[in-house]
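Encoded as structure tokens, the structure appears first; notes follow it.
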Amino acid sequence: MMDERLTSTNRSHRTSELEVPASSAAVTGLSANQAMPFSGAAIGQQIDRQCPVGLVAEGANIADQGAGLFPDEAAEVRHSPRSRQAEFSTARACARRALARLGGPQVSLPVGRHRAPEWPQDYVGSLSHCADVAVALVAEAARFAGAGIDIETISAVPETLVERIATADERIMLTQLDRDESSIPWGLLLFSAKESVYKCCYQTTGHRISFRDISIRVNADGSLHAWPAGARSASRDGLTSGTEGLWTVAGTHVITAVWQQTDTNDEVEGIRSRAALSPWYCGGSDFSRMPSPSVGFVRSRPSRNDCW
């Protein structure tokens, strides 16, 4: 249901420079050296460091990488604007790098049903892009039933959008989170998390779940938890109480990633230690080290992109 995913709101294609100006250091407590630009690769690495074993993330700045497409992929965007071709090819370049790290094949990732990418056997994954960065999340199917990722450019989120996607409990949660740290775009983060869950669940069942049928808990330590809202059946939608994830803010971007593990035994490790994460990662309840999202806002609205 395209309208349920808020596809009527069009994303601006203004390009961000992924930059936190040095002048923000005095406001946020960051040194001038820490207030550096965020490349797409750095964003991918930041997510990757937090992923469980068997799940990898890659990122890159949007660039003209059309020469790296397979013939069927190139045909898909042959008549698209150059900007769309760049988004499409960069996301698939990220996906193939992630597959290679898992020992996977370097194959075409054609556009399938509902415009979701078709992954090679034994792998699941997800793609996403905004105007300037593309990211990919890929997992071994033996360990993970599904994986979803989303990246959004920080923007002012209309209250009407939050009302359309949030449950009553989530609206209470957003109020509490905003009271603790108002500089983080919690409404946008909730939208992004539900987008990631949508992608993850679609891989397990082929059904498209409504955002209002997803319940999300956003934790201050950078983790996420999702489960079916109300009395929804987990069997049809693919959403189970074992859907876990993470969130982070990098410069002018919000990124979320979620996954469903195929088992819960000790062999599958949990989220890796956050000790090595960059100073822009919001760990624990200490929000003081994160740059204010008010720096370099891009006035776009969240929307579905068919990159998956």
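We did not get these values from a lab; they are worked out from the coordinates using the rules stated. Only a predicted model underlies this, so the values are computations on that prediction, with no experimental measurement involved. For neighbour counting, all protein chains shown are included, and Cβ atoms are generated from backbone atoms with ideal geometry for every residue, glycine included.
In whole angstrom, how far apart do the alpha carbon centroids of region 240-254 and region 205-222 sit? So the two Cα centres are separated by 11 Å.
Most tightly packed first, judged by the mean number of other beta-carbon atoms within 10 Å of their residues, the peptides 75-85, 115-125, 50-60 read 50-60, 115-125, 75-85. Pop out the ³J(HN,Hα) list for region 178-193 in order, Karplus 6.51 cos²θ - 1.76 cosθ + 1.60 with θ = phi - 60°, rounded to Hz; leave Gly and Pro as x. Those phi angles translate into 5, 5, 6, 8, 7, 7, 8, x, 5, x, 5, 5, 5, 4, 4, 4 Hz. With the highest mean first, a sort of the peptides 185-192, 103-110 on other beta-carbon atoms found within 10 angstrom per residue produces 185-192, 103-110. Is region 41-148 rounded, prolate or oblate when judged by the Cα gyration tensor, a ≥ b ≥ c being the square roots of its eigenvalues, rounded requiring a/c under 1.5 and prolate requiring a/b larger than b/c? Here region 41-148 falls in the oblate category. Calculated FRET efficiency, ALA63 to ALA156, Cβ-Cβ distance, R0 = 25 Å: about 0.35 to the nearest 0.05. The simple spin-label model puts a point 7 Å past each Cα toward its Cβ; for GLU163 and ALA142 those points are separated by 5.1 nm. Note down the Stokes-Einstein diffusion coefficient of region 111-155 in µm²/s, whole number, using a Kirkwood radius over alpha carbon pairs, 25 °C, and 0.890 mPa s. My calculation gives 212 µm²/s for D.
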